[in-house]
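Notes follow the structure.
Values quoted throughout were computed directly from the atomic coordinates according to the rules given, and no laboratory measurement underlies them. This structure is a prediction, so every number in the text was calculated from the model and none was measured. All Cβ positions, even for glycine, are placed from backbone atoms using ideal geometry, and neighbour counts span all protein chains on display.
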Amino acid sequence: MTTVLLHDETDTLAFGGLLGAELKGRQTLVFLNGDLGAGKTTLVRGVLRGVGFQGSTKSPTYTLVEPYELDGWVVYHFDLYRISDPEELEFIGVDEYLNQPNAASLIEWPERGAGWLPEPELVINLAYLSRGRELTMTGDSELIQHITQRWER
Ligand code: ADP
Ligand code: MG
């Protein structure tokens, strides 16, 4: 498990930017865990900025998923907070999103989809500190190494 300290929102956005640069163009699945307000959506905004997405971004709290297309690569930002039953993922056709080549799916509240989501390549957890946030990562060790190497300045 790798730990990174994010002192403020700017750090969260910057770290998301590094993550985005690493993921760009790949088909991948990332889980984002952490309490409400921990910074999951902020991190995704950082990813989108980091890959050069210019438009506005909005939280998919009510829509479940928001797509962002850039250079033939798509980021699907999911927020499963409001689903009441994991089976809802079948209704929205989650497999088609996840199996799509040239698409990365970043999922907030993945535990709400338990049993209906495959193993992710990366799991990120955000936790409150008295000031800032602690980010921990598990999953693909090569990916984690690349990101943390670039984060250490
Ligand atoms: P979530 O999607 O996990 O519910 P949001 O990203 O919507 O959380 O909100 C996170 C809140 O915390 C925002 O107000 C954001 O400005 C703030 N924030 C993000 N990263 C940090 C950080 N590293 N330290 C302190 N505050 C942060
Ligand atoms: Mg959120």
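Strictly greater than 19 Å: what percent of every Cα pair in the chain meets that? Above the 19 Å cut-off, the chain has 49 percent of its Cα pairs.
Could you give the length gained by full extension between residue 24 and residue 36, i.e. 0.36 nm per residue of separation minus their alpha carbon distance, to one decimal place?
On the way: separation 12, 0.36 × 12 = 4.32 nm, distance 2.66 nm.
Working it through step by step, the gained length comes to 1.7 nm.
Based on C-alpha pairs under 8 angstrom that are at least 6 apart in sequence, the chain has a relative contact order of 34 percent. Figure legend: label point modelled 7 angstrom from the Cα of residue 131 along Cα→Cβ; residues of segment 1-30 with amide N under 13 Å from it are 6-9. Of the chymotrypsin sites (Phe, Trp or Tyr not before Pro) found in segment 51-153, those in coil by DSSP whose Cβ has at most 12 other Cβ atoms within 10 Å are 62. Only helices enter this figure: runs of n ≥ 4 DSSP H residues, each worth -39500 (n - 2.57), summed and divided by the residues of the chain, yield -8500 deg cm²/dmol at 222 nm to the nearest 500.
Residue-wise HN-Hα couplings along segment 101-106, as the Karplus relation 6.51 cos²θ - 1.76 cosθ + 1.60 with θ = phi - 60° gives them from phi, are x, 6, 9, 10, 10, 10 Hz; Gly and Pro carry x. The Cβ shell under 14 Å around residue 100 holds other residues with a net charge of -2, Lys and Arg each +1, Asp and Glu each -1. Near the amide H of residue 103, within less than 5 Å, lie the amide hydrogens of 27, 28, 74, all on another chain or at least 5 residues away, with H placed in the peptide plane. Note that segment 127-135 has calculated 3J(HN,Hα) couplings of 9, 5, 10, 4, 10, x, 9, 10, 10 Hz, one per residue in order, obtained from phi through the Karplus relation 6.51 cos²θ - 1.76 cosθ + 1.60 (θ = phi - 60°); glycine and proline are x.
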